[in-house]
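These notes concern the structure reproduced below.
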Amino acid sequence: MAVVSFVSAKGSPGATTTAMLSAALWPAPVLLLDADPAGGDVAARWPAAGGGVLDAERGLLPLLTSARRGLSAEQVLAQVQPASGGTPVVCGLGSPEQAQAAERSWPSLAAAVLDVARGASGAGATDVLVDGGRLGAHPVHLPLLRESAAVVLVVRDDVAGVLHARERLRVLAGALRRGDGLLPRVGVVVVGDLQRGDADGSARVLLEVGEWVEDFGRLPLDAAGARVFDGARTARPERTALVRAGRTVVQVVAAAAAGRARSAA
Ligand SMILES: Nc1ncnc2c1ncn2[C@@H]1O[C@H](COP(=O)(O)OP(=O)(O)O)[C@@H](O)[C@H]1O
Ligand SMILES: [Mg+2]
């Protein structure tokens, strides 16, 4: 199975929300890895299974700290905790300094995470969804993004959001090219007011960057739905507009991740 990363270009369009939503709805065995180099927030937003909070000390930091001499799939799995609903989660970092200090550990982490996805540990294959946070100029977690079968760029449907996303997409094809000449599937999810905005027009602008940019769908602006992924208790989350639209997006992203990689031009 595969690694799928969720990233943003600038601002806070909803990358974490989309990653959590996707993990909750994923149609196959799944693990959510909070790898936002700016510091993770899944631990604060997703309650632990059985109530209580996830242990933020467990997760990515111990992995990066011990990764200098290589990392195994078993070590990654040892940091997994069940979140409510049963989704297994690897909690993120406490600060951007931790991500930078461990800069040389990210390639080992990426290799171990790929092994987890492939079931190399004997624990069974699983898709690994990565909250990759915002893409800066020199992303420390580029090795992880490169090993992804699909990279999902979450974009807010406003002028600035679309322009910044277009700029990131322009550098992404080169940055994501792997040694084997293949490229992850790259697509956009546009988040906006689907009644009033022009999310389709925004998507078209982004698809013009190159034929390798795919349209992974739309998510509505839905405060009630988003609160579900902000740790709020909601009576019927499955009825929110966000979760309903999320089912379609998840199908499209899962199909892309399971499909053929692209060969970089
Ligand atoms: N589709 C949406 N509709 C309404 N609010 C949203 C939506 N997606 C995210 N939000 C809200 O926007 C804020 C930022 O979302 P978050 O997922 O943390 O973004 P990012 O990871 O890109 O920084 C949060 O308060 C979240 O609840
Ligand atoms: Mg985030």
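The values are calculated or read from the model by the stated rules, or taken from the named source; none is laboratory data. These numbers were taken from a predicted model, which means no experiment stands behind them. When we count neighbours, we look across all protein chains shown, and the Cβ atoms used for this are built from the backbone with ideal geometry, even at glycine. The protein model used for the area step is the full one, side chains on, heavy atoms only, and it has no ligands, DNA or RNA in it. Shrake-Rupley method; radii C 1.70, N 1.55, O 1.52, S 1.80 Å.
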- Roughly how many Å² is the accessible area per residue of segment 1-95, as a whole number, for a 1.4 Å probe? 38 Å²
- Query: To one decimal place, what Kirkwood hydrodynamic radius in Å is obtained for segment 214-265 from all pairs of distinct Cα atoms?
  - Reply: 12.6 Å
- Query: Given segment 36-99, what whole percent of its Cα pairs are spread farther than 18 Å?
  - Reply: 35 percent
- Mind listing the long-range amide H neighbours of residue 262? Cut-off is under 5 Å, sequence gap 5 or more, other chains count too, H placed in the peptide plane at 1.01 Å from N. 183, 185
- Message: Apply the Karplus curve 6.51 cos²θ - 1.76 cosθ + 1.60, θ = phi - 60°, to the phi angles in segment 33-50 and return the couplings in whole Hz, x for Gly and Pro.
- Response: 10, 8, 10, 5, x, 7, x, x, 10, 4, 4, 7, 10, 10, x, 6, 4, x
- Message: Give me the Å³ per residue figure for the convex hull around the C-alpha atoms of segment 103-192.
- Response: 101 Å³
- Note on the structure: A correct Stokes-Einstein calculation for segment 53-141, using the alpha-carbon Kirkwood radius, 37 °C and 0.692 mPa s, returns a whole-number D in µm² s⁻¹ of 243 µm²/s
- In segment 142-238, the trypsin sites (Lys or Arg not before Pro) that fall in loop regions by DSSP, at most 10 other Cβ within 10 Å: 196, 233
- Ratio for the chain, C-alpha Rg to 2.2 N^0.38 Å, reads 0.93
- Probe 1.4 Å, all chains present, heavy atoms only: residue 26 accessible area in Å², nearest 10, is 30 Å²
- Computed accessible area, residue 95, all protein chains, 1.4 angstrom probe, square angstrom: 30 Å²
- Query: Largest first, how would 74, 211, 147 line up by accessible area (1.4 Å probe)?
  - Reply: 211, 74, 147
- Message: I want the local charge near residue 236. Using Cβ-Cβ distances under 14 Å, sum +1 for each Lys or Arg and -1 for each Asp or Glu among the other residues.
- Response: +2
- Over the chain, calculate the relative contact order: mean separation of alpha carbon pairs under 8 Å at least 6 apart, over the residue count, as a percent. 26 percent
- Stick to the Cα atoms of segment 183-256, pair each with every other, and give me the Kirkwood hydrodynamic radius in Å at one decimal. 13.4 Å
